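Since the structure comes first, as structure tokens, the remarks are kept for the end.
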Amino acid sequence: MTLQTILDPERAASSSHGRPTEDGRPMTPAQKQLVQASFARLVPSADAVAEMFYRELFVLDPVLRKLFKSDLAEQGRKLMSMLGTAIANLDRLESIAPAVRDLGCRHAGYGVKPADYETVARALIATLEHGLGSDFTPALREAWTSCYRVLAGEMMAGASECRGGPAPSEPAAQPGLY
Ligand code: HEM
């Protein structure tokens, strides 16, 4: 199963009927604005959002809980802060690409596998659905899908580099930032 299938099942289904997918396409300016505006709405309740995210994540895959060794509230703040930085820089991702790759490399060290990025994708989308309610429109879902795909793709590329080669289940098809 691909990130596309998990994050955007309707589009993935339609693409299997001959329509092109958005895999590998850069985010449009409108999508960047959608993600930035919706993230700004979540920032005042960032701690609660992070808590909801981890709850979702550990329901989806309880085994992942043991990878998190430090205080989860503090970890949640780091996650939201990193997401905030990335989202603020969607127009100049090349400036943060090295940091995102390093982050991916560190994640390999935490024991994170490429498949775990799919689980996190599902937890993130579920959190956004709960957090934004009816404001989480199909267009917003698609924008977040692109955003996560870009970040996760870059992190996995960083993880592959620090492992010394491409990960077997994440070949070169993973989109880069540009
Ligand atoms: C867009 C994707 C992600 C972002 C922005 C992100 C962000 C972060 C940040 C900022 C940290 C703090 C430590 C550091 O900077 O090295 C962290 C730690 C961590 N993340 Fe992620 N992460 C992402 C995806 C994932 C995924 C897919 C997993 C898989 C389960 C994961 C599991 C962890 C774990 C286990 C730690 C260490 C926690 C600890 O030390 O207790 N992350 N993440």
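When residues of the stretch 41-70 are filtered for being of a type in the set (Val, Ile, Thr) and crowded, with 18+ Cβ neighbours inside 10 Å, how many remain? Steps first, answer last, please.
We begin by selecting, within the stretch 41-70, every residue of a type in the set (Val, Ile, Thr); these are 43, 49, 59, 63.
Add one more test, that the residue is crowded, with 18+ Cβ neighbours inside 10 Å, and what stays is 49.
Residues in the stretch 41-70 being of a type in the set (Val, Ile, Thr) and crowded, with 18+ Cβ neighbours inside 10 Å: 1 in total.
Of all residues in the stretch 106-118, how many are closer than 15 Å to Leu151 by Cβ and among the hydroxyl-bearing types (Ser, Thr, Tyr)? Before the answer, list the steps.
The initial filter retains those residues of the stretch 106-118 that are closer than 15 Å to Leu151 by Cβ, namely 106-107, 112, 114, 116-118.
Checking the rest, the ones that are also among the hydroxyl-bearing types (Ser, Thr, Tyr) come to 117.
So the count comes out to 1.
Residue check: is Ser38 surrounded by 16 or more Cβ atoms within 10 Å (Cβ to Cβ) and either under 16 Å from the mean Cα position of the chain (by Cα) or not basic (Lys, Arg) (or both)?
For Ser38, the condition - surrounded by 16 or more Cβ atoms within 10 Å (Cβ to Cβ) and either under 16 Å from the mean Cα position of the chain (by Cα) or not basic (Lys, Arg) (or both) - is met.
For a quick check of your reading of the model, give me the residue pairs whose first member lies in the stretch 113-136 and is closer than 21 Å to Arg41 by Cα and of a type outside the set (Asp, Glu), whose second is within 8 Å of the ligand (Cβ to nearest atom) and in a helix (DSSP H, G or I), with beta-carbon atoms closer than 6 Å and at least 6 apart or on different chains.
So the pair list comes out as Ala121/Tyr148; Ala123/Leu57.
Can you pull out every residue in the stretch 92-137 that is among the β-branched types (Val, Ile, Thr) and away from the ligand (no atom under 13 Å from the Cβ)?
Across the stretch 92-137, the qualifying residue is only Thr137.
Output the number of the condition that Gly84 fails; it satisfies all remaining conditions of (1) more than 7 Å from the ligand (Cβ to nearest atom); (2) free of Cβ contacts under 8 Å to residues at least 40 places away in the same chain; (3) within 19 Å of Glu51 (Cα to Cα).
Going through (1) more than 7 Å from the ligand (Cβ to nearest atom); (2) free of Cβ contacts under 8 Å to residues at least 40 places away in the same chain; (3) within 19 Å of Glu51 (Cα to Cα) one by one, Gly84 breaks only (2).
Report, by residue number, each residue of the stretch 87-117 that is more than 19 Å from Met52 (Cβ to Cβ) and charged (D, E, K, R).
Asp91, Arg92, Glu94, Arg101, Asp102, Arg106, Lys113
Can you tell me which residue among Ala115, Ala108, Ala139, Ala73 is on the phi < 0 side of the Ramachandran plot, under 15 Å from the mean Cα position of the chain (by Cα) and among the aliphatic types (A, V, I, L, M)?
Ala115
Read-outs throughout are calculated quantities, based only on the coordinates presented, and are distinct from any laboratory measurement. Since the model is a prediction, treat every value here as computed from it, not as a measurement. Glycine gets a Cβ as well: all are built from the backbone with ideal geometry, and neighbour counts include every protein chain shown.
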